[in-house]
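The values are calculated or read from the model by the stated rules, or taken from the named source; none is laboratory data. Quick caveat, the model's predicted, so the values are computed rather than measured. Ideal geometry is used to build each Cβ from the backbone, glycine not excepted, and the neighbour counts take in all protein chains shown. Each accessible area value is taken on the protein alone, full model and side chains, heavy atoms only, with ligands, DNA and RNA left out. Shrake-Rupley method; radii C 1.70, N 1.55, O 1.52, S 1.80 Å.
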Amino acid sequence: MYLIAGLGNPGKEYEMTRHNIGFEVIDYLAEQYNIKVNRLKFKALYAEVNIGGEKVFLVKPQTYMNLSGESIREFSAFYKIPAQNIIVINDDISLKAGKIRIRTKGSAGGHNGLKSIIYQLNTDEFPRIKVGVGAPEHAEHDLADFVLGRFKKDEIPVLEDAIIRSAKAAETIIKQGADVAMNRFNG
């Protein structure tokens, strides 16, 4: 059993923002499996799907980014999903827009959603797919405004491709393992 958690903030005002790229990947996966992520449990919208013979929960925490770990911990505890079977998809400003990087463990790197998950699960040993959303062009830009901002028109095709690759990376982690996914998608 697996859980794929896309991180983001609930509400129309946050749709298609840099911080919500995780939600976009979950929505894309759901579309591929012809399901809707519309059931509510443990402070999250979720759906169930079968990927490679495994039961998988597609999860969009509705707690706002800083508390994402609460929802994920509750799913994990109730369904007895080990941390290594929890795949987190989040935005990353240290990566160029459209680049993805898979890691099997590591620090939060300043990302509040990851901080919450690490705190709630009491481990940093869970796979994550970081989706590059770029960084502000000028250091004086407020980081919160940047990640809560929308993508530039020329970034959209690059990000759409990153969403597809991130979804395939999550499926690869489930079907073939994180090492295979890292070899195939990091680079």
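The condition (being part of a strand (DSSP E or B), open to solvent by less than 60 Å² (accessible area, probe 1.4 Å) and at negative phi) is satisfied by just one residue among A47, A108: A47.
Checking the stated criteria, I4 turns out not to satisfy the condition of being of a type in the set (V, I, T), more than 14 Å from the chain's Cα centre (by Cα) and modelled with pLDDT of 95 or more.
Taking the range 1-44 on its own, how many of its residues are under 16 Å from A167 (Cβ atoms), of a type in the set (S, T, N, Q) and crowded, with 21+ Cβ neighbours inside 10 Å? Selection size over the range 1-44: 1.
Would you please name the residue that is modelled with the highest pLDDT, looking only at residues in the range 130-155 that are surrounded by 14 or more Cβ atoms within 10 Å (Cβ to Cβ) and in a helix (DSSP H, G or I)?
The extreme case among them is E155.
Name every residue in the range 94-103 that is farther than 20 Å from I26 by Cβ and open to solvent by less than 70 Å² (accessible area, probe 1.4 Å), in order of residue number.
none
Taking every residue in the range 165-185 that is modelled with pLDDT of 95 or more and pairing it with any residue that is among the polar types (S, T, N, Q) and open to solvent by 40 Å² or more (accessible area, probe 1.4 Å), at least 6 positions away or on another chain, the pairs with Cβ-Cβ distances below 8 Å are A167/Q32; A178/T104; M182/T104. Filtered by the rule that a residue be among the polar types (S, T, N, Q) and either surrounded by 21 or more Cβ atoms within 10 Å (Cβ to Cβ) or more than 21 Å from I163 (Cα to Cα) (or both), the range 50-93 gives T63, N66, S68, S71, S76, Q84, N90.
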